[in-house]
Number of protein chains: 2
Amino acid sequence: MSKLSEQEIEKRLLRFPDWEYYDDAIHAEFEFENFKDCFSAMSRIAFECEALNHHPDWSNVYNVLTISLSTHSAHGVTDLDFKLAEAIETIVEPEE
Amino acid sequence: MSKLSEQEIEKRLLRFPDWEYYDDAIHAEFEFENFKDCFSAMSRIAFECEALNHHPDWSNVYNVLTISLSTHSAHGVTDLDFKLAEAIETIVEPEE
């Protein structure tokens with residue numbers, strides 16, 4: 001899995017308006033109605049992480065979930081991070 | 001729910017060696033064997049949070065869980081934070 005160039009990352013991010021690139025990772029913040037909805041989404045994301053064998057750096061405070069994705073072994077953002085971001089988008093925004 | 005004094009917090013923390021008090025909150029970090037074990041503990045903690053109607057500021061990276069507890073409405077640490085810390089300890093260290 002090789003690190004994507006900044007240009008490639010910015011190009012791919014056009015399809016991911018919730019996400020921003022900085023500090024060698026892509027980052028997003030999602031707001032839910034309450035803790036239960038937020039943690040339910042986290043549980044569904046956790047299954048995707050295990051399936052992809054790729055795990056986020058994420059934080060939660062009540063109804064807000066903050067996620068950062070990067071590939072440690074590549075020291076940056078790889079295709080795997082975009083795969084996980086795509087899975088996350090499907091979970092948090094199922095109506096789009 | 002009223003804010004506990006620093007002296008009272010430090011006294012109670014004697015029973016919670018995993019936890020430290022600073023920045024008006026109590027903090028702990030727990031390490032698990034892998035992501036699945038860590039997220040399983042988070043799920044069990046999430047149920048306790050809902051039961052107590054009290055929620056942590058928490059982060060996860062792979063097998064490490066970092067938790068901060070405070071009571072926003074009291075601008076500090078209250079009895080409720082220790083109730084949740086106790087529930088968390090029972091979940092993450094069931095053999096003690």
Note to self: Quick check on B:E6: is it away from chain A (no Cβ under 14 Å), of a type in the set (D, E) and in contact with a His (Cβ under 6 Å, 6 or more places away or on another chain)?
What the structure shows: no
Next item on the list: Return the total of residues in the range A:42-82 being within 10 Å of chain B (Cβ to nearest Cβ), more than 27 Å from B:H72 (Cβ to Cβ) and among the polar types (S, T, N, Q).
Entry: 1
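Condition first: in a loop (DSSP other than H, G, I, E, B), at pLDDT 95 or above and closer than 30 Å to A:R44 by Cβ. Can you find one or more residues in the range B:38-49 that meet it?
Within the range B:38-49, none of the residues are in a loop (DSSP other than H, G, I, E, B), at pLDDT 95 or above and closer than 30 Å to A:R44 by Cβ.
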Next item on the list: Test each condition in (1) at pLDDT below 95; (2) of a type outside the set (D, E, K, R); (3) under 18 Å from B:M1 (Cα atoms) for B:A85 and report the one that comes out false.
Entry: (1)
Next item on the list: Please indicate, with yes or no, whether at least one residue in the range B:53-63 is in a helix (DSSP H, G or I) and modelled with pLDDT of 95 or more.
Entry: no
Notebook entry, point to check: Can you tell me which residue in the range B:9-41 is surrounded by the fewest Cβ atoms within 10 Å (Cβ to Cβ), limited to those that are of a type in the set (G, A, S) and within 14 Å of another protein chain (Cβ to nearest Cβ)?
Noted result: B:S40
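The values are calculated or read from the model by the stated rules, or taken from the named source; none is laboratory data. Here the structure is a predicted model, which means the values were calculated and not measured. So basically every Cβ, Gly included, is an ideal-geometry build from the backbone, and we count neighbours across all protein chains shown.
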